[in-house]
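Nothing in this text is a laboratory measurement; each read-out follows from the coordinates by a stated rule. All figures in this text were calculated on a predicted structure; none of them were measured in a lab. Note that each Cβ is placed from the backbone with ideal geometry, even for glycine, and that neighbours are counted across all protein chains shown.
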There are 2 protein chains.
Amino acid sequence: MTSEGCAVARKRSLDEGPVLRGRILRCASVMFYERGYAGTSIRDIGEAVGISSSTMYHHFANKQAVLHAIITNFMTDFVAATVPVLHDRTRDPRQRLADVIRIHIEVSDERRPELLLGNPIRYALDPDQRTEGIVLQRRYHNALLELIEEGAESGCFSVRNPAITTMAILDMLNGVREWFDRAGTLDRDRLIDEYVDLSLKMLGAS
Amino acid sequence: MTSEGCAVARKRSLDEGPVLRGRILRCASVMFYERGYAGTSIRDIGEAVGISSSTMYHHFANKQAVLHAIITNFMTDFVAATVPVLHDRTRDPRQRLADVIRIHIEVSDERRPELLLGNPIRYALDPDQRTEGIVLQRRYHNALLELIEEGAESGCFSVRNPAITTMAILDMLNGVREWFDRAGTLDRDRLIDEYVDLSLKMLGAS
């Protein structure tokens, strides 16, 4: 996950469109993560990807547009991966919760540099751009709350306050990326198992 | 909590020592919190407190020293308020946990601008300065882990993995300051009650 790894080829053509755009975003997210937003120029990003400034400006009007695209892109993927699982009423709420805890921990570990909505970097966005990410975040949040409410109604969860419990579970899951070290002794699957167990206990799962 | 509120009097003498030092730290923490570290100069802090630059430099060699003092001061207070409670083996582990959850949520709400160790601002410190804060943080962390292990041994908690459960509870508590709004509809005491209940459930408290 170093920015040097971005430059696999120089002077790519404009043809690649979405592929190149994806590479710019991944590369920029790693650079923002490692050097900070202020410490990274749009020229630096272009150089790391191996494209000219004019190609760079063909894709993004400015650095803020790159940041906006990273956040929206990540949150769109995250919502697409989690919300349908949470909403699938054909499956047991406990199973859906377990699946979403796995996705949340795996994705936030694997795409850590893109998690910029929970970072003060987000204030570099215009309020409208920030709102877009927050709306996506809220869709996930609401889908989890609905799952908890549904489980409480059907009697498989026993919850005093679904809204507060939702915040507690989300904060617990979001915290992982700050301390979990893939190179450390704690296995990620083990961690996921424990977090599923802790969450089911919080929900008084029967 | 606005920096304008800092300037209650101008041109204070050097005599006040610790009182003035405390005012500088509180004022600087609010300014770092509101404008960012890079957006605040040592001259800005002096002006907000109402003291000359020479008085300011009498107390702190540079802006980094101010940041270091804010973090160490806050973490020292936090450890002093929590660790003895966690270590007090004359009391029931459930009661001690409940007391510490209250302190954690209340202090991190009331002194929010000083919680800079969990903020990327901390990278403005030298590694040694940062380590000092992390060592204090670890004393709290370890005392909570010890309480959980003690409760598990005495049979009042039932915990599969005390270390992971400690991280989950700390992340849940640390998350509150990002979303809890004192002016909102959720009462802080209500929130504390719910978090005590959720934590006891996670610990399988009997």
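Here is how the numbers come out for the structure above:
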| read-out | value |
| --- | --- |
| Calculated from backbone phi, Karplus (6.51, -1.76, 1.60) coupling profile of segment B:193-206 in Hz, x at Gly/Pro | 4, 5, 5, 5, 4, 4, 5, 5, 5, 4, 8, x, 5, 8 |
| Bins of 10 Å, starting at 0 and running to the largest distance - Cα pair percent for segment A:64-202 | 11, 41, 34, 14, 1 |
| Under the Karplus curve 6.51 cos²θ - 1.76 cosθ + 1.60, θ = phi - 60°, whole-Hz ³J(HN,Hα) for segment B:118-133, x wherever Gly or Pro sits | x, 10, x, 3, 4, 6, 6, 7, 6, x, 5, 5, 5, 4, 4, x |
| Fluctuation leader among B:Ser41, B:Ser154, B:Ser29 - chain B, Gaussian network, Cα springs under 10 angstrom | B:Ser154 |
| FRET E, pair B:Phe180, A:Trp179, Förster distance 30 Å, beta-carbon r, rounded to 0.05 | 0.90 |
| Farthest toward positive dipole pole in the protein assembly as shown [+1 Lys/Arg, -1 Asp/Glu at C-beta], among B:Met172, B:Met31, A:Ser54 | A:Ser54 |
| Relative contact order of chain B, pairs being alpha-carbon contacts under 8 Å that are 6 or more residues apart, as % | 21 percent |
| Residue-count net charge about A:Thr165 - beta-carbon cut-off 15 Å; Lys, Arg +1, Asp, Glu -1 | -4 |
| Cα shape, the protein assembly as shown, gyration tensor, a/c 1.5 rule | oblate |
| Nm distances between copies for B:Pro18, ranked from closest, using label points 7 Å along Cα→Cβ | 6.5 |
| Loop trypsin sites (Lys or Arg not before Pro), segment B:154-206, which have at most 12 other Cβ atoms in a 10 Å radius of their Cβ (DSSP) | B:Arg182 |
| Two-site label geometry, B:Asp189 and A:Ala65: point separation in nm, points 7 Å out along Cα→Cβ | 5.4 nm |
| Copies compared at A:Gly184 - label distances in nm, ascending, label defined 7 Å from Cα in the Cβ direction | 2.8 |
| Computed [θ] at 222 nm, deg cm²/dmol, chain A (DSSP H ≥ 4; -39,500 (n - 2.57); rounded to nearest 500) | -22500 deg cm²/dmol |
| Cβ-derived FRET efficiency at R0 60 Å, B:His58 paired with A:Asp77, nearest 0.05 | 0.65 |
| Label point 7 Å beyond Cα along the C-beta direction, distances from B:Ala65 to other copies (nm, shortest first) | 4.7 |
| Separation between Cα centres of segment A:30-64 and segment B:146-206, rounded to whole Å | 42 Å |
